[in-house]
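Just below is one structure, and these are the notes that go with it.
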Amino acid sequence: MIVRFYDETNGGFFDSEPSAAEKFGVLSTPRKPLQDSPTPAGNPMAAITLLRLHHYTGEAEYRDKAEKTLSTFAGIAEQFGIFGATYGIAVAHFLEPQMQIVVIAPENDPAGAELYDAAFSDFNFGKSVLCIAPENVTAANLPPSLAQTIPNLPNLKSGKAFAVLCSGFACQPPVSDAVELKKQISSVAKSV
C-alpha cells in the first residue's frame with residue numbers, strides 16, 4: 001500500500017498507481033479519495049490501517065504516515081459532512097490511546113470467558129483484544145510489540161486464566177479478575 005500508492009511529497013494515498021502504464025480519459029487523473037460514497041474512503045482507511053500497524057509493531061513510520069495522511073485533508077474534511085465519517089473515525093483512532101489486551105486462558109475456561117467479556121465491555125477505537133491458550137503463547141503467535149513480554153510472564157505456568165493490558169508499549173501487571181481488568185481499561189481510556 002505504501003510503496004504502490006503513498007504520496008511521499010504531499011502525503012495521502014492515490015487511488016491508482018502513479019506509474020500505471022495504461023490510463024484512459026478521466027482515469028488518467030490520480031485522485032486521493034476522502035469521501036465515503038458508499039464505501040469508506042481510501043485515505044482514512046489507509047490511516048486507520050497504518051495506525052493499527054503502528055500499535056502492533058511499534059514502527060514509528062506507520063504512525064508518521066498516518067498523521068501526514070490525516071493532516072493532508074484536515075483543512076477540507078469538514079466540507080464532506082456525513083460523507084467524511086471515516087475520516088472522523090481515523091482521527092479518533094489517531095487521538096485515542098492505543099491499548100492491547102491479551103487474555104490468556106485454557107479453552108472453555110469460565111474465568112477466561114469473564115476476562116474476555118470484560119476486555120470487550122467498553123468500546124474504544126484504539127483497543128484490540130487477543131484471546132490465546134497458554135500453550136500457544138509464543139513470540140510467533142503475538143504481535144511484535146508483545147512478543148518479548150507476554151511469553152516471559154510467570155503467570156503462564158499457573159494454569160489459571162489472566163489478562164494483560166498493554167498501552168503505549170508498556171504493560172500493566174497481569175490480572176485474573178474481570179472487575180480489575182475493567183478498572184485498568186477505564187484508567188487507560190481516561191489518560192487522554
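The values are calculated or read from the model by the stated rules, or taken from the named source; none is laboratory data. All of these numbers come straight from a predicted model, not from anything done at the bench. Please note: Cβ atoms are built from the backbone with ideal geometry, for glycine as well, and neighbour counts cover all protein chains shown.
A few comments on the model shown:
- Test for Pro33: is it in the same structural domain as Tyr62 (by TED's automatic domain parsing), modelled with pLDDT under 95, under 13 Å from Phe73 (Cα atoms) and not polar (S, T, N, Q): yes
- Number of residues in region 55-76 that are modelled with pLDDT of 90 or more and in a helix (DSSP H, G or I): the value is 14.
- Scan of region 68-101 for residues that are more than 28 Å from Ala147 (Cα to Cα) and not hydrophobic (A, V, I, L, M, F, W, C), ordered by number: Lys68, Thr69, Ser71, Thr72, Gly75, Glu78, Gln79, Gly81, Gly84, Thr86, Tyr87, Gly88
- In region 116-127, the residues that are closer than 13 Å to Ala189 by Cβ form Cβ pairs under 8 Å with partners that are among the acidic types (Asp, Glu) and at pLDDT below 90, at six or more places apart or across chains, as follows: Asn124/Glu96; Phe125/Glu96; Gly126/Glu96.
- Of all the criteria given as (1) among the polar types (S, T, N, Q); (2) under 17 Å from the mean Cα position of the chain (by Cα); (3) within 30 Å of Thr138 (Cβ to Cβ), the one not satisfied by Thr69 is (3).
- Cβ-Cβ under 8 Å pairs, at least 6 apart or on other chains, region 77-100 side crowded, with 20+ Cβ neighbours inside 10 Å and assigned to a helix (DSSP H, G or I), far side modelled with pLDDT under 90 and among the aromatic types (Phe, Trp, Tyr): His93/Phe125
- Pair list, Cβ < 9 Å and 6+ apart or interchain, from region 145-174 residues that are on the phi > 0 side of the Ramachandran plot to residues that are exposed (fewer than 15 other Cβ atoms within 10 Å of the Cβ): Gly159/Pro106; Gly168/Ser191; Phe169/Gly58
- Per-region count, region 147-179, residues at pLDDT 95 or above, surrounded by fewer than 18 Cβ atoms within 10 Å (Cβ to Cβ) and among the hydrophobic types (A, V, I, L, M, F, W, C): 1
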